[in-house]
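The values are calculated or read from the model by the stated rules, or taken from the named source; none is laboratory data. For clarity, every value in this text was computed on a predicted model and none was experimentally measured. So basically every Cβ, Gly included, is an ideal-geometry build from the backbone, and we count neighbours across all protein chains shown. Just the protein is used for accessible areas: all its heavy atoms, side chains included, with ligands, DNA and RNA removed. Shrake-Rupley method; radii C 1.70, N 1.55, O 1.52, S 1.80 Å.
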Amino acid sequence: MLVSIVLGTAVGIGCGAVSGLVPGIHANTVAGLLLSLQALLLAWFDPVFIASAMFSTLVTHTFLDNVPGTFLGIPDADTSLAVLPAHALCLDGRGEEAVRISALGSALGVVLSLPLALAFILFLPALQPAIDWGIGLVILAVAGYLIVVSESPGWALAVFAVSGILGLFSLGYSFLAWPTGGESGVLMPLLSGLFGIAVLLKASHGAMPEQHFSGIDLPAGALPRGSLLGSAAGALVGWLPGLSSATANALLTSVVGYDSNPREYILATSAANTVNAFLGLAAFYAISRTRSGVMAAIGALEEIPPATAILLAGVIAAVGAYLLTVRLSSMAAWFSGVNVTRLNQTVIAFVALLSLFLCGPFGVLVLLLATAVGYVPALVNIRRVYCMGAIMVPVMAYSFGLA
């Protein structure tokens, strides 16, 4: 079994590197591909190999998905808000630092996810019916709090509501999209418009500053506070139904501002992203709930391996992914002196073509609408977090049985 775990983990690290670094490809897509090849793979390997590869892909993806966001400003579905401070640090010449902070946050998330998973497995299954009923109310309370403390509550409510309507429209009519991107493929143009293109259109121009790394400059107390807050948020969205790391990002803005504490926010959201993966695994084995496409793919295997085997694969993958992410952080030097205007135009064209490829004309429509909505916060001087209504409103509607 150990040989299968190691081989599967190696394959998963490679697949996760591709899905993390290439915008538009998610670990769920890779898991679906591996599941479709199950009959062929079982002729040579056992289910432990396949499951290890699937989960290792997910874990590696959570380490590397902040790299394209940092250097190009293209958000992943799980890193939409974290892209804002990370890309800003890159434009300030500190892209390598941003990536290293992200890797550190994910590594700390792995360490903290293990005791959290054990505690959740022991105490939460008995409370699951009440949790399922109350999740919508929790999100509603968080959204209300974020709006009330806004610089302009009226505009915040308007942006939250309009982005929420856009989210309901995009997900409700996702059947109009091409099947290339899978069931959740429409999230790519939706979040890229809100948090990617809308930001790039207002981004600075001229040449990219020289990239330099002189160490990680985290404020005093930010390391334990950010990792604990991020891990708690990631644990909640990993266990609770209908939530994702994007929701954790929104929750974290209420205690860690991405504009006032950018480094701590990157650390916290990276921890949340990775903890979400491990708690999703715990929820799968404890209460038979699938919180991601990867967990659904593992559940569809002919034989489900023991949890300890998959957990070991995830831990090994985390070590490999951390080393790989730190190594790739040196890519920052490649962007020194790059024409920012031309880079932004290239990224925008790439995102538009990728939206067309993944979702067809419907994806392009969602991208245009999302860009228009995402442009508003900069015009009325409010934080972009209120665009997270695109995710939070559909989750509330699902929880209340309205969608």
Scan of segment 22-41 for residues that are under 17 Å from PHE357 (Cβ atoms) and in contact with a Leu (Cβ under 7 Å, 6 or more places away or on another chain), ordered by number:
PRO23, GLY24
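Is it fair to say GLY167 is in contact (Cβ under 8 Å) with a residue 24 or more places away in the chain and out of contact with any Cys (no Cβ under 8 Å at 6 or more places or on another chain)? Step through it out loud before you land on a result.
On the way: in contact (Cβ under 8 Å) with a residue 24 or more places away in the chain: yes; out of contact with any Cys (no Cβ under 8 Å at 6 or more places or on another chain): yes.
It is true that GLY167 is in contact (Cβ under 8 Å) with a residue 24 or more places away in the chain and out of contact with any Cys (no Cβ under 8 Å at 6 or more places or on another chain).
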Tell me, yes or no, whether segment 305-315 has at least one residue that is more than 30 Å from GLY226 (Cα to Cα), open to solvent by less than 10 Å² (accessible area, probe 1.4 Å) and over 21 Å from the mean Cα position of the chain (by Cα).
yes
Test: residue in segment 218-232 that is within 13 Å of CYS387 (Cβ to Cβ), open to solvent by less than 40 Å² (accessible area, probe 1.4 Å), at pLDDT 80 or above and in contact with a helix residue (DSSP H, G or I) (Cβ under 8 Å, 6 or more places away or on another chain)
no
Identify, from the list ALA17, ALA53, the residue that is under 30 Å from THR341 (Cβ atoms) and modelled with pLDDT of 85 or more.
ALA17
Checked against (1) over 23 Å from LEU252 (Cβ atoms); (2) open to solvent by 40 Å² or more (accessible area, probe 1.4 Å), VAL340 satisfies every condition except (2)
Within segment 22-59, residues open to solvent by 60 Å² or more (accessible area, probe 1.4 Å) and assigned to a helix (DSSP H, G or I) come out as THR29, LEU33, SER36, ALA39, LEU40
Would you please name the residue that is nearest to GLY401 (Cα to Cα), looking only at residues in segment 134-173 that are more than 20 Å from the chain's Cα centre (by Cα) and among the hydroxyl-bearing types (Ser, Thr, Tyr)?
TYR173
Would you mind finding the one in GLY206, GLY215 that is farther than 21 Å from VAL138 by Cβ, open to solvent by 10 Å² or more (accessible area, probe 1.4 Å), modelled with pLDDT under 75 and more than 16 Å from the chain's Cα centre (by Cα)?
GLY206
Just to verify a result, which residue in segment 279-304, among those that are over 23 Å from VAL18 (Cα atoms) and of a type in the set (Ser, Thr, Tyr), is most open to solvent (accessible area, probe 1.4 Å)?
SER288
Please go through segment 133-152 and give me each residue that is farther than 14 Å from ARG384 by Cβ and open to solvent by 60 Å² or more (accessible area, probe 1.4 Å), ordered by number.
TRP133, LEU137, VAL138, LEU140, ALA141, TYR145, VAL148, VAL149
Confirm whether VAL110 is under 19 Å from ALA307 (Cα atoms), surrounded by fewer than 24 Cβ atoms within 10 Å (Cβ to Cβ), touching a residue at least 60 places away in the same chain (Cβ under 8 Å) and among the hydrophobic types (A, V, I, L, M, F, W, C).
no
For segment 113-124, which residues satisfy the criterion of being part of a helix (DSSP H, G or I) and surrounded by 16 or more Cβ atoms within 10 Å (Cβ to Cβ)?
SER113, LEU116, ALA117, PHE120, ILE121
Being assigned to a loop (DSSP other than H, G, I, E, B) and modelled with pLDDT of 70 or more is the filter here; which residues of segment 74-103 pass it?
ASP92, GLY93, ARG94
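When you scan segment 7-30, how many residues do you find that are under 22 Å from ILE316 (Cα atoms) and either in contact with a Cys (Cβ under 9 Å, 6 or more places away or on another chain) or not aliphatic (A, V, I, L, M) (or both)?
Of the residues in segment 7-30, 13 are under 22 Å from ILE316 (Cα atoms) and either in contact with a Cys (Cβ under 9 Å, 6 or more places away or on another chain) or not aliphatic (A, V, I, L, M) (or both).
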